[in-house]
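All remarks here apply to the structure that follows.
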Amino acid sequence: MTATAERVEETRTRPASGPGSRKDGWIRRAPLLPALIFTIIVTQLPFLITIWYSLQSWNLVRPGSQRFVGLENYGTVFTDSQFRGVALNSVLLTLGSVAIAMILGLAIALLLNRAFVGRGIVRTLIITPFLITPVAGALLWKTVLFDPTYGLVNFVLGPFGAGQTDWVSTFPRTAVIIALVWQWTPFMMLLILAGLGSQPPEVLEAARMDGATGFAVFREVTLPHLRRFIELGVVLGAIYLVNTFDTIYMMTQGGPGTASANLPFYIYQRAFLGFDIGESAAMGVVTVVATIIIATLALRLIFRSFSAAEEA
């Protein structure tokens, strides 16, 4: 109601011509229109074509089988137990990786926020995994660290009975999560470091002068201040990690079976290995809609958090 009243008041006070008028606003926005049109063409047009494919029964290994079936593919998708299992895998891989990366990133950021000799070098080394491409990172973990014969993990854990454990085959989901956490912890650390750098030092000094212990200062002052940075890291990490493909493809191929597959990889399997265009398109539409809903709710939570911080 208040927003509507503000818009009505703005319309009344807007001049009919010259600076600030509606025409002036469109003139200012005109240079951005080509970029807006290009973005709509490359994002929304493929999505509309995917929706059309999802309404077709079309398998590439059966020429001439293409026909309109309405929402039949969506019914098949929602009754597919493998699809539900892969969707659960996606949630576990995404939430597990984001949560562990955020906890490690917070711990490392708190350590790096202290002054010590060589802090710049240590910070640069810790950031390195985030600069490596996902394919190279996955190959590094699969061949150098998790290899059952020559891997460093078995070399280190050998005295504790690890033997020649094939980590990727025995614990595929955990192996993928470890590789993702290794790559995304630096990103979380950088966000938290930015939050720690923006913390007013006089607030910390006042808390210490009141007799608060180090843990009490962290719990009552630092952690509430870092809340919006943590929320931002969790949302951005979840949006990127839910689309993980490279790491799964290079490390486990989604296997054994679909034990470590997520939704993007399962859709790839159905489209390019099963050649079922209709069902894979329906899965893609369901995944995009679910991701948009979750991302919208998460972003609204972040914007509300930022607005509350600004009002405070």
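Looking at the stretch 16-63, which of its residues are under 30 Å from Y74 (Cβ atoms), over 28 Å from the mean Cα position of the chain (by Cα) and not aliphatic (A, V, I, L, M)? Break it down into steps so the answer makes sense when it comes.
Let us first name the residues in the stretch 16-63 that are under 30 Å from Y74 (Cβ atoms), namely 39-63.
Of the ones still in play, those that are also over 28 Å from the mean Cα position of the chain (by Cα) are 55-63.
Once the filter is applied, which keeps residues that are under 30 Å from Y74 (Cβ atoms), over 28 Å from the mean Cα position of the chain (by Cα) and not aliphatic (A, V, I, L, M), the stretch 16-63 yields Q56, S57, W58, N59, R62, P63.
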Q | Test set (1) exposed (fewer than 11 other Cβ atoms within 10 Å of the Cβ); (2) touching a helix residue (DSSP H, G or I) at 6+ places or on another chain (Cβ under 7 Å); (3) of a type in the set (K, R) - R123 fails condition number | A | (1)
Q. Residues of the stretch 178-196 being among the aromatic types (F, W, Y) and buried (at least 24 other Cβ atoms within 10 Å of the Cβ), which ones?
A. W184
Q) modelled with pLDDT of 85 or more, surrounded by fewer than 20 Cβ atoms within 10 Å (Cβ to Cβ), assigned to a helix (DSSP H, G or I) and not small (G, A, S): does that describe Y266? A) no
Q. Restricted to the stretch 128-177, and to residues that are in contact with a Ser or Thr (Cβ under 7 Å, 6 or more places away or on another chain), in a helix (DSSP H, G or I) and open to solvent by 40 Å² or more (accessible area, probe 1.4 Å), which residue is nearest to T94 (Cα to Cα)?
A. R173
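Specify which of the listed residues (V69, V61) is open to solvent by less than 50 Å² (accessible area, probe 1.4 Å), hydrophobic (A, V, I, L, M, F, W, C) and more than 15 Å from V286 (Cα to Cα).
Sole residue among the options that is open to solvent by less than 50 Å² (accessible area, probe 1.4 Å), hydrophobic (A, V, I, L, M, F, W, C) and more than 15 Å from V286 (Cα to Cα): V69.
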Q: Assess whether V289 counts as being without any contact (Cβ under 8 Å) to a residue 40 or more places away in the chain, aliphatic (A, V, I, L, M) and more than 24 Å from T94 (Cα to Cα).
A: no
Q) If the Cβ limit is 6 Å and pairs must be 6+ apart or interchain, which residue in the stretch 36-59 that is in a helix (DSSP H, G or I) pairs with which residue that is open to solvent by less than 70 Å² (accessible area, probe 1.4 Å) and not aliphatic (A, V, I, L, M)? A) T50/G284; S54/N73
Q: Determine whether F229 is touching a Leu at 6+ places or on another chain (Cβ under 6 Å), more than 27 Å from V153 (Cα to Cα) and open to solvent by 60 Å² or more (accessible area, probe 1.4 Å).
A: no
Q. Is there a residue being within 30 Å of L48 (Cβ to Cβ), in contact with a helix residue (DSSP H, G or I) (Cβ under 9 Å, 6 or more places away or on another chain) and assigned to a helix (DSSP H, G or I) anywhere in the stretch 249-262?
A. yes
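The values are calculated or read from the model by the stated rules, or taken from the named source; none is laboratory data. Please read these numbers as outputs of a predicted model, since none were measured by experiment. Using ideal geometry, Cβ is built from the backbone for each residue, glycine included, and neighbour counts are taken over all protein chains shown. SASA here: full protein model, heavy atoms, side chains in, ligands and nucleic acids out. Shrake-Rupley method; radii C 1.70, N 1.55, O 1.52, S 1.80 Å.
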